[in-house]
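**Student:** I have a structure here, written as structure tokens, and I will follow up with some questions on it.
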Amino acid sequence: MSLKTSYSLIAPFYDAAVARATRAARQRSLAALPDDGGQVLLAGVGTGLDLPHLSPAPRYVGVDLNRSMLRRALPRADKLDFAPVQGDVQRLPFPEAAFDAAVLHLILAVVPQPERCLGEIARVVRPGGTVIVFDKFLRRGQPALLRRLANPLVRRVASRLDVVFEDVLATAPQFACEDDQPALGDGWFRLIRLRRR
């Protein structure tokens, strides 16, 4: 089953499953975004759960592979300068250095190739720009036997459980990690802030 298909099926239930559990972590993460204008990419915007927590000053472009998710996001963007774009975060339809910042919430552990996604973010965010990440990651050498056993099934439907952020970051030398804090699940979910060199 493709991501596009599985998230079309999940879209009606996504908010009920995810919104309340991640609200506080999303707010903490988004507080790291500069609010002085500019253009911000929301990579994998989904149903727009981040939108109510954003400052109105910047211009936002929300990219998602799934049209059903984007439709659900639009009502949450009513007070923002927001443009929805259907597209693949692993092949972004934007020129180099088009954005001042990017938000990657619950997307790096979803896409089949997180390294390609982060590489695309490095391409479209200008030098000096901020990238914030909120997602679930294993740490290098962490056994996490149950997560690894469940991964082959879960990754086909919703999300990967075996992504090691440090391995993904190593493929994008354009980024420096400025902050990395535990968020949820006893540190399984993390709040990470990157700076584009």
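**Student:** On the accessible surface of the stretch 39-88, probed at 1.4 Å, how many percent belong to carbon and sulfur atoms?
**Tutor:** On the way: 1020 of 2070 Å².
For the stretch 39-88, the apolar C and S fraction of the accessible surface comes to 49 percent.
**Student:** Taking the highest mean first, how do the peptides 73-82, 128-137 order by number of other beta carbon atoms within 10 angstrom per residue?
**Tutor:** Per-residue Cβ counts within 10 Å, averaged per peptide and sorted highest first, yield 128-137, 73-82.
**Student:** May I ask you to give the solvent-accessible area per residue for the stretch 78-146, in square angstrom, as obtained with a 1.4 angstrom probe?
**Tutor:** For the stretch 78-146, the solvent-accessible area averages 42 Å² per residue.
**Student:** Would you work out which of Leu54, Val89, Ala73 lies farthest towards the positive end of the dipole of the stretch 38-95, given +1 charges on the beta-carbon of Lys and Arg and -1 on that of Asp and Glu, about the Cα centre?
**Tutor:** Ala73
**Student:** Which order do His105, His53 take when ranked by solvent-accessible area (1.4 Å probe, heavy atoms of all protein chains), largest first?
**Tutor:** His53, His105
**Student:** With the radius of gyration and the Kirkwood radius both derived from the Cα set of the stretch 68-145, what is their ratio Rg to Rh?
**Tutor:** Using only Cα positions, Rg/Rh for the stretch 68-145 is 1.01.
**Student:** Roughly how many nanometres apart are two label points built 7 Å out from the Cα toward the Cβ at Val85 and Arg20?
**Tutor:** About 3.5 nm, to one decimal.
The values are calculated or read from the model by the stated rules, or taken from the named source; none is laboratory data. Just so it is clear, the structure is predicted and the values come from calculations on it, not from any experiment. Backbone-built Cβ (ideal geometry, glycine too); neighbour counts: all protein chains shown. Protein only, heavy atoms only, side chains kept; ligands, DNA and RNA dropped before computing areas. Shrake-Rupley method; radii C 1.70, N 1.55, O 1.52, S 1.80 Å.
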